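Right, I'll just put the structure down here and ask away after.
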Ligand SMILES: [Fe+2]
């Protein structure tokens, strides 16, 4: 059900010889997502405490940070396409109270984060926060593309953990598990627009690690799902 595997054509005129193409970025992100999903331990092979811990660490990261990350992304990007895409996301998050949905999900699964759940992800969460604060538009949009695709695929797993913990409140996983191919295509188009704008001699994304945020987020997710 991955949505990040959907194709997205790249206008050749906007790609310089040193800049990775949208297709190659998407391929790399798809592979990282596949690897992360393949590394997950089966929910019924985990103890109740291990399942609770994964839900709690996920909640401690997502509940209070997602809107903040999206706000950082909005401040960082320069293209109209990227701004529109991020604002669409922010509007939905705030209007539909997604942090509340997240909190209800954790409560129903008896997995409200404790001090130790919060501290377990402290270092890797700090690294993602500081990365967002560097306000590098292109790299933030690449990170968003990775995160959104991963979250969609992670939802059935999270829902199964909660179900095994006795929960029936699946609103959060239902809302975030929708595979929206149009949304993903728009996100990659926004990335193209952002890359085109950012490609000036002093801000060329080719001189930086385009996947810095993706790697930091990958480490954070690994800290969440480790049993
Ligand atoms: Fe959300």
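Here, each number is a calculation from the coordinates, and none is a lab measurement. Nothing here was measured: the structure is a model prediction, and the numbers come from that model. Every residue, glycine as well, gets a Cβ built from its backbone with ideal geometry; the counts of neighbours run over all protein chains shown.
Let me know the shape class of the range 117-227, please: from the alpha-carbon gyration tensor, a ≥ b ≥ c as square roots of the eigenvalues, rounded when a/c is under 1.5, otherwise prolate if a/b is greater than b/c, or oblate.
Oblate.
Do you know the relative contact order of the chain, to the nearest whole percent, from alpha carbon pairs under 8 angstrom that are 6+ apart?
Normalised by residue count, the contact order of the chain is 36 percent.
Next question, about the same structure. Mean separation of Cα pairs under 8 Å and 6+ residues apart, divided by the residue count of the range 20-111: what relative contact order is that in percent?
35
Starting from the Cα gyration tensor of the range 64-148, take the square roots of the eigenvalues, sort them a ≥ b ≥ c, and report rounded, prolate or oblate (rounded when a/c is under 1.5, otherwise prolate if a/b is larger than b/c, else oblate).
Numbers: a/c = 3.02, a/b = 1.46, b/c = 2.08.
In terms of gyration-tensor shape, oblate.
State the extension gain, in nm to one decimal, for the chain segment bounded by residue 175 and residue 35, taking 0.36 nm per residue of separation less the distance between their alpha-carbons. Spell out each step's value before the answer.
Details: separation 140, 0.36 × 140 = 50.40 nm, distance 2.38 nm.
Extra length from residue 175 to residue 35 when fully extended: 48.0 nm.
Could you please rank 37, 195, 155, placing first whichever residue has the fewest other Cβ atoms within 10 Å of its Cβ?
37, 155, 195
Right, next: Given a Förster distance of 30 Å, report the FRET efficiency between residue 183 and residue 49 from their Cβ-Cβ distance, rounded to the nearest 0.05.
0.25
Please give, to one decimal in nm, the separation of the simple spin-label points placed at residue 107 and residue 71, each 7 Å out from Cα toward the Cβ.
2.3
Given R₀ = 25 Å, what would the calculated FRET efficiency be for residue 114 paired with residue 168, taking r from the Cβ atoms and rounding to 0.05?
With a Förster radius of 25 Å, E is 0.65.
Still on this structure, please answer the following. For the chain, what number results from the quotient of the Cα radius of gyration and 2.2 N^0.38 Å?
Its radius of gyration relative to the 2.2 N^0.38 Å reference: 1.01.
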